[in-house]
Amino acid sequence: DKQFESESGFKDALTGIYLKLGTKTLYAGDLTYAYLDELAGLYSDYPGYNTNAVFNQSIVFDYENMFLSKKNGIYSAMYNVIANINNFLEYVDKNKDVLVTERYYETMKGEALGLRAFLHFDLLRMFGPIYKEHPASKAIPYRTTFDKDATPVLSANEVVDAILKDLNAAEKLLKESDPLHFFTDQMGEELTEINQFLINREFRMNLYAVKALLARVYLYAGNKTEAENYANQVIGSGYFDLIGDASDVLRSKEIVFSVYVDDFDQQVATITNGNTYYISEEEFLDELFDVANDGSNDLRIREGVGFDYGTHGITMRKYKQENLWASTEGTVVLIRLSEMYYILAECAATPEEAAGYLNKVREMRGIDPTVCTETNRLNEIEKEYRKEFYGEGQLFYFYKRNGYTTFLH
């Protein structure tokens, strides 16, 4: 009760929720570059689990034995954050009169609803069925209250409905309140004397993060019309741009939503030296990035830009902190602009249109256009997911959503 008697208490509570997202068990580790990318087969070795001279990829799917604690840790940590969100949402309405600063109530509540939907959607994607095959199968509970009462396990389509309900409410709140012109890269000198709580919107569940998430969810649920609608809204917003600057490793103007991880440089130092996530054979990296067809000019694979080639194998540079712009230090990207183009490619009426969307991104990454046909469209999109989201945890979700039974390794 004391926590929520002041605006500063609300700000601290919401900041704490974002900090919880940036732990190794969640988005500063297992749900990005670590476990989910292990499941997608992107490494030659995984720290702590390689007991043999040659790593056996199949062990990462041993959810009930070797990886039981990993699976349970993710599940419980996600619902712990959701519990904090639900407590926050209870008080944001109960103590609404405390939030006297303009935009605070709408922005805070919109962010919290969007975050609740975001977390439940990732839980659904991980622990639910392959949606297009079994939409009515039991999936996960959808928690909306802060109490000890058990919540029934809902079917996947019921969870989707609950996610969309939260996202639509978040969109409505943020549409009128989100101070969108305070994205980091668009802050001019005239904005130096501003409310610090309402800036750096790429580190918050902002309006366009909600719209991008709606595009994700609608694609997952098979509603291509709405997926296309929301993806186009994000692209057409004017707040984000595809860029081909090799010095901007995280491609900062493409970031729609991210989390800030304090002291991430120390964590990255431990995962990029010695016993770490790496690729042992250059041939495998070349296959992942389709070098045979695209060449090695792709920014995402280029030595010293996308990867380091060292004595411990080939390691990703995406999260290395040296030479990063000050505004992107400690950043873990959760939604980026390029995904909206890939969603449009899946929704496109013709293969030619699909190729057009893929080629907008490919051009900015330094590679030649590709050609899509009715038979290869999904595989061409899959290749771009492999390259674009290396270290971001999205490839596994793509494989599961589309029912892939095999992948490169």
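One table, with the values for the structure above:
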quantity: Reachable lysines from residue 387, criterion Cα separation under 17 angstrom, eight or more residues apart if same chain; calculated: 318, 360
quantity: Cα centroid of the range 28-45 to Cα centroid of the range 85-135, whole Å; calculated: 26 Å
quantity: Volume in Å³ per residue [convex hull over Cα atoms, computed for the range 78-143]; calculated: 84 Å³
quantity: Amide H contacts of residue 278 (H built 1.01 Å from N, under 5 Å, at least 5 apart or other chain); calculated: 44, 45
quantity: Long-range amide H partners of residue 334 with built H, under 5 Å; calculated: 257, 258, 259
quantity: Whole-Hz couplings from phi, Karplus 6.51/-1.76/1.60, listed for the range 304-312; x for Gly and Pro; calculated: x, 10, x, 9, 10, 9, x, 5, 9
quantity: Estimated vicinal HN-Hα couplings, Hz - the range 119-125 in sequence order (Karplus 6.51, -1.76, 1.60; Gly, Pro = x); calculated: 5, 5, 5, 5, 4, 5, 5
quantity: Spherically averaged projected area of the chain from its Cα convex hull (nm²); calculated: 20.0 nm²
quantity: GNM flexibility winner over the chain from 283, 382, 38 (Cα, springs under 10 Å); calculated: 283
quantity: ³J(HN,Hα), Karplus 6.51/-1.76/1.60, whole Hz, each residue of the range 16-21, x for Gly, Pro; calculated: x, 5, 5, 5, 5, 5
quantity: Reachable lysines, given that their alpha-carbon falls under 17 Å from the alpha-carbon of residue 175 and they are not under 8 places away in the same chain; calculated: 109, 165, 211
quantity: Between helix 207-221 and the chain: long-axis angle, C-alpha atoms, 0 to 90°, nearest 10; calculated: 60 degrees
quantity: Binned Cα-Cα distance frequencies in the range 289-388 - 5 Å width, integer %; calculated: 2, 12, 20, 21, 18, 13, 8, 4, 1, 0
quantity: Helical mean residue ellipticity (222 nm; -39500 (n - 2.57) per DSSP H run of 4+; nearest 500) of the chain; calculated: -14500 deg cm²/dmol
quantity: Placed amide H near residue 154: partners under 5 Å, 5+ positions off or other chain; calculated: 139, 140, 142
quantity: Cα gyration tensor, the range 1-150 - rounded (a/c under 1.5), prolate or oblate; calculated: prolate
quantity: Global geometry of the range 284-324, whether rounded, prolate or oblate, following the gyration tensor of its Cα atoms and the 1.5 cut on a/c; calculated: oblate
quantity: In the range 1-95, lysine pairs closer than 19 Å at Cα, eight or more apart or cross-chain; calculated: 8
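Every read-out reported here was derived from the displayed coordinates using simple, explicitly stated rules and does not represent laboratory data. What you see is a predicted model; the values in this text were computed from it and never measured.
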